[in-house]
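What follows is one structure encoded as structure tokens, with my remarks underneath.
The values are calculated or read from the model by the stated rules, or taken from the named source; none is laboratory data. Nothing here was measured: the structure is a model prediction, and the numbers come from that model. Using ideal geometry, Cβ is built from the backbone for each residue, glycine included, and neighbour counts are taken over all protein chains shown.
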Amino acid sequence: MNALKLWCKAHSVYSEANKAESLFEGLTGRMKASGWTLIYYGDGGPGDQKLGVLGLSEYTKELRAFSCSSPVKVIGLRNTLSQADKLDAFAHEIGHIECGHDLGNLTDRDEAEAERFARVLCAKRPRHVVRWSVAIIAALCLSFGAGVLFANRSVDNPSDLPSAAPEVENAPVSNTIGKETEIEDNAQDIQVVVTASGDKYHLETCRYVKDKKNDSLRVLTIQEARDEGKEPCKVCRPDELLTPEE
């Protein structure tokens, strides 16, 4: 899914869910209306027993959250997380569902896409997403204004129509500069995790770190990790979040 389509989908979910008293409550109600059951686990409560009956206990051992469509549509959420972490993890699982991922065979690319979705949904989006929304609105306004001007001139004085705009020779150069600036900005925004002894930085959902204990991990921005000499993991590919997909 390209980045703009993903943003539109996440924004649509946000707009619908944000009508509730809190975003979390809105998302919960929305998923329940779609046939999904939210079950809390990890505290020894009834949720752990329900998941055991469903044969889903294996998911509760290390994962912060999971989603499963068989035998029933379930979103599991670790109850010992902080409320902010619950929202992040919940939004990530909703991302998998909304993006149509195969929940029984998730890939690293799926994890990265769900993380992008969660960032938009939880308003933790990189700066380029904000710029896109502003640019889209500006472009629509300009297009509308130009259309009105064109229509008025065609009626009043057809010979006074504007000629084609001259080509801008340096457009490719300025576009490249804009992308480089965008990448630098995003490197300051996007968070990754590193282990105590590793030389790579990872997405939080990467299989190499998601099962490790929190006290053995550090959260940094991509730029901070680079400053420490870390390199991107070749499995979860965190640097793909720096540049929007075409």
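General observations
Condition check ((1) under 13 Å from the mean Cα position of the chain (by Cα); (2) closer than 20 Å to residue 99 by Cβ; (3) touching a residue at least 24 places away in the same chain (Cβ under 8 Å); (4) surrounded by 12 or more Cβ atoms within 10 Å (Cβ to Cβ)) across all residues:
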residue	(1), (2), (3), (4)
1	yes, yes, yes, yes
5	yes, yes, no, no
11	yes, yes, yes, yes
16	no, yes, no, yes
20	no, no, no, yes
30	no, yes, no, yes
39	no, no, yes, yes
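- Strands (runs of 3 or more DSSP E) wholly inside region 31-120 containing at least 2 residues that are touching a Gly at 6+ places or on another chain (Cβ under 8 Å) and of a type in the set (Ser, Thr, Tyr): 37-41
- Qualifying positions in region 199-215 - farther than 18 Å from residue 92 by Cα, at pLDDT below 80 and of a type in the set (D, E, K, R): 212, 213, 215
- Any hit, region 175-198, residues being under 21 Å from residue 109 (Cβ atoms), modelled with pLDDT of 85 or more, surrounded by 10 or more Cβ atoms within 10 Å (Cβ to Cβ) and not hydroxyl-bearing (Ser, Thr, Tyr): yes
- Any chance residue 105 is more than 18 Å from residue 207 (Cα to Cα), over 12 Å from the mean Cα position of the chain (by Cα) and either of a type in the set (S, T, N, Q) or modelled with pLDDT under 85 (or both): no
- Any hit, region 58-71, residues being exposed (fewer than 12 other Cβ atoms within 10 Å of the Cβ) and basic (Lys, Arg): yes
- Breaking point among (1) closer than 17 Å to residue 92 by Cβ; (2) polar (S, T, N, Q); (3) at pLDDT below 90, for residue 18: (1)
The rows are residues; the columns are (1) of a type outside the set (A, V, I, L, M, F, W, C); (2) at pLDDT below 90; (3) out of contact with any His (no Cβ under 9 Å at 6 or more places or on another chain).
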| position | (1), (2), (3) |
| --- | --- |
| 42 | yes, no, yes |
| 45 | yes, no, yes |
| 53 | no, no, yes |
| 63 | no, yes, yes |
| 70 | yes, yes, yes |
| 76 | yes, no, yes |
| 79 | yes, no, yes |
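- Summed over region 50-107, the residues that are under 21 Å from residue 22 (Cα atoms) and among the small types (Gly, Ala, Ser) give a count of 7.
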